[in-house]
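Below: the structure, in structure tokens.
The values are calculated or read from the model by the stated rules, or taken from the named source; none is laboratory data. No experiment lies behind these values; they were computed from the predicted model shown. So basically every Cβ, Gly included, is an ideal-geometry build from the backbone, and we count neighbours across all protein chains shown. Surface areas here come from the heavy atoms of the whole protein model, side chains and all, with no ligands, DNA or RNA. Shrake-Rupley method; radii C 1.70, N 1.55, O 1.52, S 1.80 Å.
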Amino acid sequence: MDLGKGLEMMKKNLITFGRAAVDLNATEYNQTMEETMTFSKYVGGSPANVAIGTAKLGLNVGMIAKVSDDQHGNFVLDYMVKAGVDTQYITRDTEGRKIGLTFTEIKSPQESSILMYRDNVADLYLDVNDFDDEYIQSAETLLVSGTSLSRSPSREAALHAIETAKQNNVEVIVELDYRPYTWKSDVETSIYMTMAARRADVVIGTRDEFDVLENKDNQSDEESVKNLFQYDPKLIVVKHGVKGSKAFTKEGEVIEGDVYKTKVLKTFGAGDSFASGFIYALKKNKSIQEALKYGSAAASIVVSRHSSSDAMPTVEDIETLIQKHEE
């Protein structure tokens, strides 16, 4: 490794791992996708959005991913560079695989949907030869997206990244990020999500995603966290959408997050912005209660805007909303 590259590897607050894609968001609201004729293009994919969101908040962030070797891949890489994300380990697929595409439908502020094209996509062919262990060792925190566990070789690369982090005292966050399009079965999903979550220090997901992880319906938050706290996790965040979120610590503390009302444009993008605000606050040594506020405020801002990545708020945006809510 040359000295220049070694210096670049230093001081990463966060490295995200997994899906980088292209979002095509409907620009015509209150109608079905069948009726929609125009879309706007943005960078998408949960770990890509979290990288962009935390970089915008001022953290030193890198990403490990694989994109298509074409104009869409160029678009993602160019955007990430401009956002301040280190892209040295965002590699290009050289075997003709394409980037994942996500079309979004905005029927109403309460009813939005996504349609993913993820057949043979580049990000699921990320393998252990596409990054150096030293890069992960240089980070304070590694965030792995659950979607990266859905197929090989990305699955093995993700598990290797987690183990590398654990062996080098790098904090591991698993963001469950369940997307059904690439998993083969509920049982398979449960096996690999559980495997990753048990090795994480922090697990973040929606109530529905924890049900998928456990392959059970109607589990309580308390049952879910009790099971995972038998293993490595120290902090678990369960999101309940408009009902807010709860954080559970291994010591038995339960912290409820605030909800910030806003004029909702669409329902997608909230999870990635929540993770960005939450991680940023923890990095700034704020309490878990404060981190939940930052996460919820960031989510509230993003659902009021058209995109996920472009819409990521600044620290000033978040703190202004929190302050206004507390007046």
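Remarks
- The stretch 1-142: projected area of the alpha-carbon convex hull, averaged over directions, in nm²: 9.5
- Lys250 sits among other residues whose Cβ lies under 12 Å from its own Cβ, and their net charge, with Lys and Arg +1 and Asp and Glu -1, is -2.
- Among Glu34, Glu105, Glu171, the largest mean-square fluctuation in a Gaussian network model of the chain, built with springs joining Cα atoms closer than 10 Å, belongs to Glu34.
- Ordering of 67-77, 296-306 by packing is 296-306, 67-77, highest average first (other Cβ atoms within 10 Å, averaged per residue).
- Think of each Lys and Arg Cβ as +1 and each Asp and Glu Cβ as -1; about the Cα centre, that makes the dipole of the chain roughly 340 debye.
- Antiparallel DSSP beta bridges within the chain, percent to nearest 5: 40
- Considering helices alone, the calculated mean residue ellipticity of the chain at 222 nm is -11000 deg cm²/dmol, with DSSP H runs of length four and up weighted by -39500 (n - 2.57) and normalised per residue.
- Sorting the segments 25-31, 321-327 by their residues' average number of neighbouring beta-carbon atoms within 10 angstrom, most packed first, yields 25-31, 321-327.
- Length released on extending from Glu34 to Arg198, taking residue separation times 0.36 nm less the Cα-Cα span: 54.9 nm
- Per-q log10 I(q)/I(0), the stretch 125-221, q = 0.16, 0.17, 0.18, 0.24 Å⁻¹ (Debye; single scatterer per alpha-carbon; no solvent): -0.63, -0.70, -0.78, -1.24
- Accessible surface for the chain, divided over its residues, is 43 Å² per residue with a 1.4 Å probe.
- Most fluctuating residue given options Glu163, Glu209, Glu35, as computed from a GNM of the chain linking Cα atoms under 10 Å: Glu35
- Relative contact order %, the chain, counting alpha carbon pairs below 8 Å whose residues are six or more apart: 16
- One equal scatterer on each Cα of the stretch 79-145, no solvent, Debye formula: the resulting log10 I(q)/I(0) at q = 0.16, 0.28 Å⁻¹ is -0.81, -1.26.
- Protein accessible area in the chain, 1.4 Å probe - carbon and sulfur %: 47
- Cα shape, the stretch 211-255, gyration tensor, a/c 1.5 rule: oblate
- Fully extending the segment from Gln230 to Tyr117 would add 37.0 nm, taking 0.36 nm per residue of separation and subtracting the current Cα-Cα distance.
- Flagged links, alpha-carbon separation over 27 Å, of Lys56/Lys246; Lys56/Lys324; Lys98/Lys246; Lys234/Lys286; Lys11/Lys286; Lys263/Lys324: Lys98/Lys246
- Taking N as the residue count of the stretch 180-302, its C-alpha radius of gyration divided by 2.2 N^0.38 Å amounts to 1.05.
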